[in-house]
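To keep things clear, I will list the structure first and then write my remarks on it.
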């Protein structure tokens, strides 16, 4: 057996007949284990019982299908079985003496099907008595499969366009970006009679460099206008960098190698402009992937702030002037898995909504226990499985939404918005309007008070300078 590191694998060709693709998979597995921290959790998980099935009760897919293959721990066992056989001493010894499990092309096909039926929402982790993170196992399995070219075309193409093409997943060139932002500035003039609300570009030394999901520039104008309005009335120092203006990071869904490259590009853009912080727009996975900035770029990486956190801080400080009229239609809120499951961003959006709405109702369950939109883990980008996403995966979410009787469904995540709009369309929820939180903020910001306050501050500053000059 040739030594290839701590996680070398044993293959006895005649007895085990490992073919080309399984061999490549095992080589990739060995390399990932050798150069990452995945080995430690896998070593722990393989020593625990991973098939008690208590996680089934928390999985929205299993609740709909009732199929054993959709039980999270059964899915995880597909990868753990490979690890146990090829990367543990006991597995190597048993194979030498007794033979047994051999990795085959058919087994890899089964693994690929299983891990892309899962949205990696991690809801099952909370009900595992052993604390096994089945979402982490799913993520690792996807990464290993991508190293042997088993990856959905939609994810692969979007990442390739972002890294090797025009720099963003929607292939929006800089002139189109500028045209869109200029159009939105004109909308502020036409609708709100404001010609001073801008989308600043390439401002050096700004405190925040803004990275929304680039699809917002095509599909979510009200969300972007809400972002700009909040930054305007609060006097926020911000800019959009024309070198990189996409917060989307599909590497999070299938490859740590790709995720690292995209995160480093974001950090590089902030440093190019001399910015201080990364301001992420309404996107769950863009926020979660940006949180890896310090992991990939060191402790001096820019701080990451989600736009909900910024708006919440400014609202509490009294810097966002609101109209007396509140939003009267019933509003409910969807917790995106990537920002809520870890408990990082759950209360901020609720405090904002309670401040601007008269009839805010919760979905049940909610916060860290909420159901995934059904399109998580990048599956929302795979249009050919829409029936699966909005049917089997989206059933529980549709039931949640219907039970609230809400007019507005707030979802501060680009992927969730796309998925939830399709869930509503395909499940007879035509009366529900899926919006971003900043869409509603835009409706209630009082620009006149904001302008008066700004004018007053300018006048006070001018008076102070005048008095100083006279005193001199």
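What do you reckon, is residue 52 in contact (Cβ under 8 Å) with a residue 40 or more places away in the chain, crowded, with 17+ Cβ neighbours inside 10 Å and over 22 Å from residue 7 (Cβ atoms)?
Values: in contact (Cβ under 8 Å) with a residue 40 or more places away in the chain: yes; crowded, with 17+ Cβ neighbours inside 10 Å: no; over 22 Å from residue 7 (Cβ atoms): yes.
So residue 52 fails the test.
Considering only residues of region 372-411 that are touching a strand residue (DSSP E or B) at 6+ places or on another chain (Cβ under 8 Å) and not in a strand (DSSP E or B), which is nearest to residue 224 (Cα to Cα)?
Only one residue tops the list, namely 411.
I need the full set of residues from region 112-134 which are buried (at least 22 other Cβ atoms within 10 Å of the Cβ) and at negative phi, in order please.
115, 116, 118, 119, 121, 123, 124, 132, 134
State all residues of region 55-76 that are surrounded by fewer than 19 Cβ atoms within 10 Å (Cβ to Cβ) and either assigned by TED's automatic domain parsing to the domain that holds residue 255 or in contact with a helix residue (DSSP H, G or I) (Cβ under 8 Å, 6 or more places away or on another chain) (or both); if no residue qualifies, say none.
Hits for region 55-76 are 57, 63, 64, 65, 68, 69.
Checking residue 144 against (1) crowded, with 16+ Cβ neighbours inside 10 Å; (2) in the same structural domain as residue 265 (by TED's automatic domain parsing), only one condition comes out false. Which one?
Just one mismatch for residue 144, condition (2).
Considering only region 346-371, how many residues are touching a residue at least 12 places away in the same chain (Cβ under 8 Å), farther than 30 Å from residue 446 by Cα and in a loop (DSSP other than H, G, I, E, B)?
Number satisfying all stated conditions: 4.
Find the residue count for region 165-179, including only residues that are surrounded by fewer than 18 Cβ atoms within 10 Å (Cβ to Cβ) and in contact with a helix residue (DSSP H, G or I) (Cβ under 6 Å, 6 or more places away or on another chain).
Residues that pass the stated criteria total 1.
What number of residues within region 157-169 are outside any loop (DSSP other than H, G, I, E, B), touching a residue at least 12 places away in the same chain (Cβ under 8 Å) and more than 18 Å from residue 385 (Cβ to Cβ)?
3
Do we have any residue at all in region 379-400 that's over 29 Å from residue 153 (Cβ atoms) and outside the structural domain of residue 121 (by TED's automatic domain parsing)?
yes
When you check residue 7 against the structure, is it closer than 19 Å to residue 139 by Cβ, at pLDDT below 95 and in contact with a helix residue (DSSP H, G or I) (Cβ under 6 Å, 6 or more places away or on another chain), yes or no?
In short, yes.
Pick out the one residue from 192, 217, 208 that is in contact with a strand residue (DSSP E or B) (Cβ under 8 Å, 6 or more places away or on another chain) and in the same structural domain as residue 259 (by TED's automatic domain parsing). Full working, then the answer.
Values: 192 fails: in contact with a strand residue (DSSP E or B) (Cβ under 8 Å, 6 or more places away or on another chain); 217 fails: in contact with a strand residue (DSSP E or B) (Cβ under 8 Å, 6 or more places away or on another chain).
Sole residue among the options that is in contact with a strand residue (DSSP E or B) (Cβ under 8 Å, 6 or more places away or on another chain) and in the same structural domain as residue 259 (by TED's automatic domain parsing): 208.
Take the residues of region 107-128 that are farther than 14 Å from residue 81 by Cβ and not in a loop (DSSP other than H, G, I, E, B): which is farthest from the chain's Cα centre (by Cα)?
If we take residues in region 107-128 being farther than 14 Å from residue 81 by Cβ and not in a loop (DSSP other than H, G, I, E, B), then 109 is farthest from the chain's Cα centre (by Cα).
Any residue at all in region 129-139 that's assigned to a helix (DSSP H, G or I), over 18 Å from the mean Cα position of the chain (by Cα) and not assigned by TED's automatic domain parsing to the domain that holds residue 226? Before you say what the answer is, go through the steps one by one.
Applying the first criterion (assigned to a helix (DSSP H, G or I)) to region 129-139 yields 134-139.
Still in the running and over 18 Å from the mean Cα position of the chain (by Cα): none.
Scanning region 129-139 turns up no residue that is assigned to a helix (DSSP H, G or I), over 18 Å from the mean Cα position of the chain (by Cα) and not assigned by TED's automatic domain parsing to the domain that holds residue 226.
Looking at region 199-210, can you tell me whether even one residue there is surrounded by 14 or more Cβ atoms within 10 Å (Cβ to Cβ), under 23 Å from residue 24 (Cβ atoms) and under 25 Å from the mean Cα position of the chain (by Cα)?
Within region 199-210, none of the residues are surrounded by 14 or more Cβ atoms within 10 Å (Cβ to Cβ), under 23 Å from residue 24 (Cβ atoms) and under 25 Å from the mean Cα position of the chain (by Cα).
Could you tell me which of the residues 248, 197 is under 25 Å from residue 297 (Cβ atoms) and either modelled with pLDDT of 95 or more or outside any helix (DSSP H, G or I) (or both)? Steps first, please.
Details: 197 fails: under 25 Å from residue 297 (Cβ atoms).
Every option except 248 fails the conditions.
Scanning for something part of a helix (DSSP H, G or I), touching a helix residue (DSSP H, G or I) at 6+ places or on another chain (Cβ under 8 Å) and assigned by TED's automatic domain parsing to the domain that holds residue 169, does region 320-333 turn up at least one residue?
Scanning region 320-333, I find no residue that is part of a helix (DSSP H, G or I), touching a helix residue (DSSP H, G or I) at 6+ places or on another chain (Cβ under 8 Å) and assigned by TED's automatic domain parsing to the domain that holds residue 169, so the answer is no.
Give me the helices (runs of 4 or more DSSP H) completely within region 33-93, filtered to those with at least 2 residues that are more than 24 Å from residue 104 (Cα to Cα) and within 24 Å of the chain's Cα centre (by Cα), ordered by residue number.
In region 33-93, 60-65 are the helices (runs of 4 or more DSSP H) which contain 2 or more residues that are more than 24 Å from residue 104 (Cα to Cα) and within 24 Å of the chain's Cα centre (by Cα).
Within 30 Å of residue 71 (Cβ to Cβ), without any contact (Cβ under 8 Å) to a residue 60 or more places away in the chain and assigned to a loop (DSSP other than H, G, I, E, B) - does that describe any residue in region 149-156?
Yes, the conditions are met somewhere in region 149-156.
Go through (1) in contact with a helix residue (DSSP H, G or I) (Cβ under 7 Å, 6 or more places away or on another chain); (2) surrounded by fewer than 18 Cβ atoms within 10 Å (Cβ to Cβ); (3) free of Cβ contacts under 8 Å to residues at least 12 places away in the same chain one by one and return the number of the condition residue 399 breaks.
Going through (1) in contact with a helix residue (DSSP H, G or I) (Cβ under 7 Å, 6 or more places away or on another chain); (2) surrounded by fewer than 18 Cβ atoms within 10 Å (Cβ to Cβ); (3) free of Cβ contacts under 8 Å to residues at least 12 places away in the same chain one by one, residue 399 breaks only (1).
Suppose the filter is assigned by TED's automatic domain parsing to the domain that holds residue 308, free of Cβ contacts under 8 Å to residues at least 24 places away in the same chain and either in contact with a helix residue (DSSP H, G or I) (Cβ under 8 Å, 6 or more places away or on another chain) or surrounded by fewer than 14 Cβ atoms within 10 Å (Cβ to Cβ) (or both); does residue 182 pass it? Before the answer, list the steps.
On the way: assigned by TED's automatic domain parsing to the domain that holds residue 308: yes; free of Cβ contacts under 8 Å to residues at least 24 places away in the same chain: yes; either in contact with a helix residue (DSSP H, G or I) (Cβ under 8 Å, 6 or more places away or on another chain) or surrounded by fewer than 14 Cβ atoms within 10 Å (Cβ to Cβ) (or both): yes.
Criteria met by residue 182.
The values are calculated or read from the model by the stated rules, or taken from the named source; none is laboratory data. This structure is a prediction, so every number in the text was calculated from the model and none was measured. Here the Cβ is made from the backbone with ideal geometry for all residues, glycine too, and neighbour counts use every protein chain on show.
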